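The values are calculated or read from the model by the stated rules, or taken from the named source; none is laboratory data. All values reported here derive from a predicted model rather than from experimental measurement. Don't worry about glycine lacking a Cβ; one is built from the backbone with ideal geometry, like all the others, and counts go over all protein chains shown.
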Amino acid sequence: MKLLLLLLAVLVGALVPLQGTINSRMGMVTGQPLLATLISFTGGFLAITLIVLGVSGGLPKWQPSGPLPFYLFLGGLPGVVFVLTALMLIPRIGVAAAVCGFVVGQLSSSLLFDHFGWLGAPLREVTAPRLIGLALLVAGTFLVVRSESKPVNLRGNLHGAATVDQDSAR
């Protein structure tokens, strides 16, 4: 179960580069960073309004203005998924495990956005050192998640070294 929740954190973390790329493209298209930010969060506002209202009332009529591609108005949607998922995961798997999962997803997806130039991202080759970095991050994530079952007494023993709290570790 915990592994599935961590996998969910990884998958949701993969949305962050999508959000940044859409928002940066909107900024380039409009030439106005503040307007691009407003449009991004308007998309997030619409998503959260649908979640809150559900089927009980609907939304006011709203249509994007101008000849912009529709996907540029969706930059806030990955943020809504991220925030809601973090709110659900952190109480179940802890902050460190959730953040580790988000970061692994972000780096994995970022490498793909770089390599393929998705949504207009600048092309940057995925090299062996970058893949090794990703592998180390994945390994670090499993170490962080695995070590959560062994609390560390950071106050240290007589020699100043941190020790495992034996009562908590059982």
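Listed values, structure above:
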quantity: Residue within the range 75-96 that is surrounded by 14 or more Cβ atoms within 10 Å (Cβ to Cβ), at pLDDT below 75 and either among the small types (G, A, S) or farther than 30 Å from A139 by Cα (or both) present; calculated: yes
quantity: Some residue of the range 133-144 being outside any loop (DSSP other than H, G, I, E, B), at pLDDT below 80 and either under 30 Å from L68 (Cβ atoms) or touching a Gly at 6+ places or on another chain (Cβ under 8 Å) (or both); calculated: no
quantity: Unmet requirement for S147, which otherwise passes all of (1) of a type in the set (S, T, N, Q); (2) over 30 Å from M26 (Cα atoms); (3) at pLDDT 85 or above; calculated: (3)
